[in-house]
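The values are calculated or read from the model by the stated rules, or taken from the named source; none is laboratory data. Note that the structure is predicted; figures quoted are calculated from it, not measured. Cβ placement follows ideal geometry from the backbone for every residue including glycine, while neighbour counts extend to all protein chains displayed.
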Amino acid sequence: MKVMMKGNEAIGEGAIRAGCRFFFGYPITPQSELPHYLAWRLPEVGGVYLQAESEVAAINMVYGAASAGARVMTSSSSPGISLMQEGISYLAGAELPCVIVNIMRGGPGLGNIAPAQSDYFQATRGGGHGDYRHIVLAPSSVQEIIDLMGLAFDLADRYRNPVMVVGDGILGQMMEPVELKEEEPPVPPAKPWATTGMRGRGHPNIINSLYIVPEELEAVNRRLAVKYARMEEDEQRWDAYRVDDAAVVVVAYGTMARIARAAVDMARARGVATGLIRPITLWPFPRRAFAHISPGVLCFLVVEMSAGQMVDDVRLAVNGARPVHFYGRTGGVVPTVREVAEAITRVAGGEAGGQDLCSAAGAHG
Amino acid sequence: MARIFARPRALTDKAFHYCPGCTHGIIHRVVAQVIDELGIRENTIGVCPVGCAVFAYDYFNVDMIQAAHGRAPAVATGVKRVLPDRVVFTYQGDGDLGAIGTAEIVHAAARGENITVIFVNNAIYGMTGGQMAPTTLLGQKTTTTPQGRDARVAGYPLRVAEMMSTVEGASYVARVAVHNPANVVRAKHAVKKAFQVQLAGRGFALVEVLSTCPTNWGLSPVEALQWLQDHMLPVYPLGEFKVPPEMTGGET
């Protein structure tokens, strides 16, 4: 069945189709259509929508519901995600599965509600305290939102770890046709570790991230590091477009990747052989996409709606094999197709990425 | 020979880490006895705080969750919304509940969450080294009020039970103490009511328990019990502040 859906609503419908029945959140723009949708849709399927008193409370309600074995999610936008960071660290430490959605907006501080990708570092580096990692998924269409929400819950359960899904106000509020498959709801894996009352078990379950003896905590950290290494090995996802004969390879994700894709076509029409690598997982970063760079590739151009964050990961992945340029607009300004195409032309001609904040400061490109 | 005294089944065999004379042990035992008497041990999930009772998951022989500082009521909300037929309680200190977690406790009550809250008030931060708590008395010396709490600088003690009793969603609110046997018995009755309120589906129940901290008060265990009686009771009067209509009367 094909229907028109807003991105934010698709997040909610995708979650419900993934078997999520519990949502805890606090109002913030520009993700409002998601709680609006779940507030009626969850009760319809026997679930619970609960508006918390703060993002701090919301993420801890998620912690409780995940402890009880439920498929559970929360959603917010940049400042609210900052408030949730302590809870995300606890979720990772206690190895609790859940899905956290960040519809990113301009920052720092209150910033604005316009589309941005400036929470990349926070999302991929672990915005909370301690040695932890979580998978970050970055859909770039409403259909991909639906598909990735199911994957997000599966990965969360498979690794007993939080999974974050990031988008922005454009992706959240645009409408696109989506295919809603008529499928049986998935059966989440058994959770014998959950705190559901010890009846029939004979021993209590404990959900905890406290290990007072340093050697014990180190052993936990090592076990988690092995788990994170497995995620890095097995969960890299990306999409490649017209890269086979490309001289310039653009790297962009989410909303920015849609614009970059059109810019690739425009640049090709102008005679510059251009391709696009679109990371779908921001963590683990799809390093494998950069493992075998064709001899014909002249350089990379990273395009972001930030002052330059993912460009660091591209530089690590390319590891000096080619120049890595950057073009970005930030503060909620969305680059146009033409701007990006012009940046492609510049780097193809051996110039820097463009008149962005970072190259002006000499930091990039 | 009839066995008339035993360790509650809802406590593990692990020895408490609490300081000599600290009344956390008594309060743990009271809660465990109530869980045993109500026959809910295998149906109960407890949420422990950050503070001296952070290791409560080692002591209560029920499913336990360790929560971030102050967030136990939010965590308990998440558990209870998923498992409405289980018994959920939090065990929190005065820093956890009365300072960093004030929003969570007030709103859990406002929502009428069907949970039981055991709130231990010893007028000081114990675990971190005797700093001023929101419930520290005026004039009381702590490591962060070395000249005694001065209202002009550090404000006034927070009366949590009185405050919580003004919240419409709170169903049962009481304050008890455990500084002598008669009061321990009364405390147990209040804790039992707080669980019975949840079992009856009547919503949010909170019992504030006045407790001692000999180590950080700088007193012997016996002196600490006397200090609680002489100094805390006048500021924190005991009694039931709110009781569901059908539960009024009877022993408290």
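Here is a check on your reading of the model: is B:Asn183 at pLDDT 95 or above, among the polar types (S, T, N, Q) and assigned to a helix (DSSP H, G or I)? Walk me through it before giving the result.
Numbers: at pLDDT 95 or above: yes; among the polar types (S, T, N, Q): yes; assigned to a helix (DSSP H, G or I): yes.
Spelling it out, B:Asn183 is indeed at pLDDT 95 or above, among the polar types (S, T, N, Q) and assigned to a helix (DSSP H, G or I).
Taking the options A:Val56, A:Val45, name whichever one is touching a residue at least 24 places away in the same chain (Cβ under 8 Å) and closer than 17 Å to B:Glu104 by Cα.
Answer to the selection: A:Val56.
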Can you tell me which residue is farthest from A:Asn205 (Cα to Cα) among those in the stretch B:67-87 that are among the small types (Gly, Ala, Ser) and part of a helix (DSSP H, G or I)?
B:Ala74
What do you reckon, is A:Tyr228 of a type in the set (Ser, Thr, Tyr) and part of a helix (DSSP H, G or I)?
yes
Could you list all residues from the stretch B:83-97 that are surrounded by fewer than 24 Cβ atoms within 10 Å (Cβ to Cβ) and in contact with a Phe, Trp or Tyr (Cβ under 8 Å, 6 or more places away or on another chain)?
B:Val87
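Would you mind finding the one in B:Met127, B:Met163 that is out of contact with any strand residue (DSSP E or B) (no Cβ under 8 Å at 6 or more places or on another chain) and outside any loop (DSSP other than H, G, I, E, B)? Outline the logic, then answer.
Numbers: B:Met127 fails: outside any loop (DSSP other than H, G, I, E, B).
Within the list B:Met127, B:Met163, the selection yields B:Met163.
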Is it fair to say B:Gly21 is more than 21 Å from A:Asn208 (Cα to Cα) and in contact with a Pro (Cβ under 9 Å, 6 or more places away or on another chain)?
yes
Mind counting the residues in the stretch A:149-187 that are buried (at least 24 other Cβ atoms within 10 Å of the Cβ), within 29 Å of A:Tyr228 (Cβ to Cβ) and not acidic (Asp, Glu)?
12
Within the stretch B:5-19, is there a residue that is free of Cβ contacts under 8 Å to residues at least 60 places away in the same chain, at the interface with chain A (Cβ under 9 Å from one of its Cβ atoms) and touching a Gly at 6+ places or on another chain (Cβ under 6 Å)?
no
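Filter the stretch B:39-54 for residues that are at the interface with another protein chain (Cβ under 8 Å from one of its Cβ atoms) and within 18 Å of the chain's Cα centre (by Cα); which is surrounded by the fewest Cβ atoms within 10 Å (Cβ to Cβ)? Full working, then the answer.
The first filter runs over the stretch B:39-54 and keeps only residues at the interface with another protein chain (Cβ under 8 Å from one of its Cβ atoms), leaving B:41-45, B:47, B:54.
Right, trim to within 18 Å of the chain's Cα centre (by Cα) and you get B:44-45, B:47, B:54.
Details: B:Thr44: 27, B:Ile45: 30, B:Val47: 33, B:Val54: 21.
The residue in question is B:Val54.
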Name the residues in the stretch A:115-148 that are hydrophobic (A, V, I, L, M, F, W, C) and surrounded by fewer than 19 Cβ atoms within 10 Å (Cβ to Cβ), would you?
A:Phe121
Matching residues in the stretch A:188-206 - criterion: being in contact with a helix residue (DSSP H, G or I) (Cβ under 7 Å, 6 or more places away or on another chain), buried (at least 21 other Cβ atoms within 10 Å of the Cβ) and not small (Gly, Ala, Ser)
A:Thr195
Considering only the stretch A:3-13, I want to know if a residue exists there that is part of a loop (DSSP other than H, G, I, E, B) and either of a type in the set (S, T, N, Q) or more than 17 Å from A:Ile100 (Cβ to Cβ) (or both).
no
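Residue-by-condition table, conditions (1) away from chain B (no Cβ under 14 Å); (2) touching a residue at least 12 places away in the same chain (Cβ under 8 Å); (3) of a type in the set (Val, Ile, Thr):
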residue: A:Leu180; (1), (2), (3): yes, yes, no
residue: A:Pro186; (1), (2), (3): yes, yes, no
residue: A:Pro189; (1), (2), (3): yes, yes, no
residue: A:Ala194; (1), (2), (3): no, yes, no
residue: A:Gly197; (1), (2), (3): no, no, no
residue: A:Ile207; (1), (2), (3): no, yes, yes
residue: A:Asn221; (1), (2), (3): yes, yes, no
residue: A:Glu235; (1), (2), (3): yes, yes, no
residue: A:Val243; (1), (2), (3): yes, yes, yes
Consider A:Gly111 against the criteria (1) surrounded by fewer than 23 Cβ atoms within 10 Å (Cβ to Cβ); (2) in contact with a Phe, Trp or Tyr (Cβ under 8 Å, 6 or more places away or on another chain); (3) not β-branched (Val, Ile, Thr): it satisfies all of them except one. Which criterion is unmet?
(2)
Single residue of the stretch B:198-252 satisfying the filter (surrounded by fewer than 17 Cβ atoms within 10 Å (Cβ to Cβ) and at positive phi) that is nearest to the chain's Cα centre (by Cα):
B:Gly239
Across the stretch A:244-288, which residue is surrounded by the fewest Cβ atoms within 10 Å (Cβ to Cβ) among those that are more than 15 Å from the chain's Cα centre (by Cα) and in a strand (DSSP E or B)?
A:Gly275
Across the stretch A:79-109, what is the total count of residues that are within 8 Å of chain B (Cβ to nearest Cβ) and not hydroxyl-bearing (Ser, Thr, Tyr)?
3
Name the single residue that is farthest from the other protein chains (Cβ to nearest Cβ) among those in the stretch A:65-78 being under 21 Å from A:Gly12 (Cβ atoms) and not in a loop (DSSP other than H, G, I, E, B).
A:Ser78
